Structures are given as structure tokens and as C-alpha cells.
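What follows is a set of notes on a single structure, which appears directly below.
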Amino acid sequence: FNNSWIQYPPPYKYSLKYKPNIILITHEHSDHLSLETLKEYNKNTPIYFPAFPNKRIEKILKRLKFINLKKMYFGKKYNLYKKVYLTCFQPISNFNDSIHLLEFDNFKLLNLNDAGVNYKIAKKVGSVDIISSTFGSGASGYPLCWKDIKKNKKEKILKNQYLARLNLLKNASKIYKAEYILPFASYFALINKEHEISNNLIFKYKILPSNIIKEIDIK
């Protein structure tokens, strides 16, 4: 997070307990591509990542001296191990983000990340057991850091972001016929006194897992 957020407890210290067989990078946001964590892993570990045209992820991994790089092309199914498969799908936006389908024998987990719902891939994905997705809003600098936007307008924008995220999760659970939703990568707090107003606005519009269950009628 470029020293702008403090994560507690520090996640990379806990991740060092594990020696992964494979690492999956979904996109280049620093909460999904952690340089501090990657530096600690064996440089021969296979790393799967989307083959974005800008090649930024590939360049970062090469700078970190990783040598077993696995580019994933959208829509192609990759066999990771025995009956474990991974398919990478494009987002609906122009951002360098990606959706991932993990298949373990007959069990399917669809990770939406920050990429939203891509209705075009629904037929190919089919019904899934679990959807995992980010939730809530406030991680972006917009509208909180815009000095020319008044407080009441910021509140309206954040509320609309909240409702849009809830609507996204509703739609995703329907089109992929998911049995469960696994919310992740959302809660945080800004620690400086000058950010107190922004902090209060963020926490005013946040989605709790209990809200999701109530609104979407899902496990």
C-alpha cells in the first residue's frame, strides 16, 4: 500500500509459514501483488498471472528474479495438478484486472477479485459452488481525496458505490448460481488524524457479510 495503510496483523509474516506449490497473481494492485511477500518465496515457484498486453506483472516478477513464469491467456483452461484446473477471464472494464475459475474435481470456485461481473463468460463458467469477491468501498482515492467535492456529495457517491457493490454481488450470485459467497479484501482504517473525516465516511457505507446474506439470500 505504498506506506499509506498499515495492515495488522502483518499478513506476509503469516504467509511465510507456507511453501506454496503455485502462486497465482490476479492483477497488479499492491494488495493482490505483494512485493514484500514475494521476496520471501523460492524463485523457482511457478507463478500464474494474466497475460496483459502491458506486461507489467511479468516485468515485476522478473525484477524479483522469479524464473518459472506462467502467462495465462483469457478463456484458456490450465491444468495445475491432477484434477485441479484454472481458467482466467477478462473483466468488463478496461482495467488490468481478471476473474479466475478454480476447479477441484467437481467443486468450482469463481474469484471475481476487483473485476466485477462479466456476463459474457457466464455460459462458459456455468454454475459454481463459491463466488469470492471484494466488497465495500473506500480504497480508491475517489471521492475522498477530491478537495473540490463537498462532503454531502462524497456521501452520495460512497452510498451509490455501496449499493452498486451489493447489486454486483446479487447479480453474480444469480448468473453463476452460486451456493456461497466468500467476501474478502475490504476492511481497513486510515490512521492519521487528518483522515478522520474520510474514515468516518468509509465506515458509514460498508458492507458487512451479514448484510450480504440478508440482501442476497445466500450462504
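The values are calculated or read from the model by the stated rules, or taken from the named source; none is laboratory data. These numbers were taken from a predicted model, which means no experiment stands behind them. With ideal geometry, Cβ positions are generated from the backbone for all residues, glycine too; neighbour counts draw on all protein chains shown. Accessible surface areas use protein heavy atoms only, side chains included; no ligands, DNA or RNA. Shrake-Rupley method; radii C 1.70, N 1.55, O 1.52, S 1.80 Å.
Taking the stated definitions as given, is Lys43 of a type outside the set (Asp, Glu) and not in a loop (DSSP other than H, G, I, E, B)?
Details: of a type outside the set (Asp, Glu): yes; not in a loop (DSSP other than H, G, I, E, B): no.
No; evaluated as a whole, the condition is false for this residue.
Answer yes or no: is there a residue in the range 98-105 that is within 23 Å of Pro50 (Cβ to Cβ), assigned to a loop (DSSP other than H, G, I, E, B) and among the aromatic types (Phe, Trp, Tyr). Break it down into steps so the answer makes sense when it comes.
Pass one, the range 98-105, residues within 23 Å of Pro50 (Cβ to Cβ): 98-104.
Subsequent filtering for residues that are assigned to a loop (DSSP other than H, G, I, E, B) retains 98.
Then drop every residue that is not among the aromatic types (Phe, Trp, Tyr), which leaves none.
No, that holds for no residue.
If a residue has to be touching a Ser or Thr at 6+ places or on another chain (Cβ under 9 Å) and farther than 18 Å from Lys170 by Cβ to count, how many in the range 180-211 make the cut?
Selection size over the range 180-211: 3.
Taking helices (runs of 4 or more DSSP H) that do not extend beyond the range 142-219, which have at least 2 residues that are over 21 Å from Leu101 (Cα atoms) and of a type in the set (Val, Ile, Thr)? Talk me through it step by step, then tell me what you get.
On the way: elements: 151-175, 196-204, 209-216.
Counting at least 2 such residues, we get 196-204, 209-216.
Among the residues of the range 124-132, are any assigned to a helix (DSSP H, G or I), open to solvent by 100 Å² or more (accessible area, probe 1.4 Å) and at pLDDT below 90?
no
Restricting to the range 156-187, name every residue that is buried (at least 17 other Cβ atoms within 10 Å of the Cβ) and farther than 25 Å from Lys123 by Cβ.
Ile157, Leu158, Gln161, Tyr162, Pro183, Ser186
For Thr37, state whether it is of a type in the set (Val, Ile, Thr), within 23 Å of Leu112 (Cβ to Cβ) and not in a helix (DSSP H, G or I). Break it down into steps so the answer makes sense when it comes.
Details: of a type in the set (Val, Ile, Thr): yes; within 23 Å of Leu112 (Cβ to Cβ): yes; not in a helix (DSSP H, G or I): no.
No, not satisfied.
Please specify each residue of the range 66-76 satisfying the condition of being touching a residue at least 24 places away in the same chain (Cβ under 8 Å), more than 14 Å from Phe52 (Cβ to Cβ) and open to solvent by 80 Å² or more (accessible area, probe 1.4 Å).
The answer is Ile67, and nothing else.
Anything in the range 1-29 that is closer than 20 Å to Asp97 by Cβ, modelled with pLDDT under 80 and either of a type in the set (Lys, Arg) or open to solvent by less than 60 Å² (accessible area, probe 1.4 Å) (or both)? List them, or say none.
Phe1, Trp5 - these are the residues of the range 1-29 that are closer than 20 Å to Asp97 by Cβ, modelled with pLDDT under 80 and either of a type in the set (Lys, Arg) or open to solvent by less than 60 Å² (accessible area, probe 1.4 Å) (or both).
Looking at the range 52-65, which of the residues that are over 17 Å from the mean Cα position of the chain (by Cα) and either within 20 Å of Leu112 (Cα to Cα) or in contact (Cβ under 8 Å) with a residue 24 or more places away in the chain (or both) is most open to solvent (accessible area, probe 1.4 Å)? Spell out how you get there, then give the answer.
Going through the range 52-65, the residues over 17 Å from the mean Cα position of the chain (by Cα) turn out to be 53-56, 58-65.
In the following step, the residues that additionally are either within 20 Å of Leu112 (Cα to Cα) or in contact (Cβ under 8 Å) with a residue 24 or more places away in the chain (or both) were identified as 54, 56, 60-61, 64.
Values: Asn54: 47, Arg56: 115, Ile60: 34, Leu61: 0, Leu64: 27 Å².
Across the range 52-65, the extreme among qualifying residues is Arg56.
Within the set of pairs 6 or more residues apart or between chains, which connect a residue that is closer than 24 Å to Ser34 by Cβ and hydrophobic (A, V, I, L, M, F, W, C) inside the range 185-206 to a residue that is surrounded by 15 or more Cβ atoms within 10 Å (Cβ to Cβ) and modelled with pLDDT of 80 or more with Cβ atoms less than 7 Å apart?
These pairs meet every condition: Ala185/Thr134; Ala189/Asn199; Leu190/Ser198; Leu190/Asn199.
Name every residue in the range 77-97 that is closer than 19 Å to Glu28 by Cα and either open to solvent by 80 Å² or more (accessible area, probe 1.4 Å) or in a loop (DSSP other than H, G, I, E, B) (or both), in order of residue number. Full working, then the answer.
Of all residues in the range 77-97, those closer than 19 Å to Glu28 by Cα come to 86-97.
Passing the criteria: Gln90, Pro91, Ile92, Ser93, Asn94, Phe95, Asn96, Asp97.
If Leu110 satisfies every condition in (1) hydrophobic (A, V, I, L, M, F, W, C); (2) touching a residue at least 24 places away in the same chain (Cβ under 8 Å); (3) not in a strand (DSSP E or B) but one, which is the exception?
(3)
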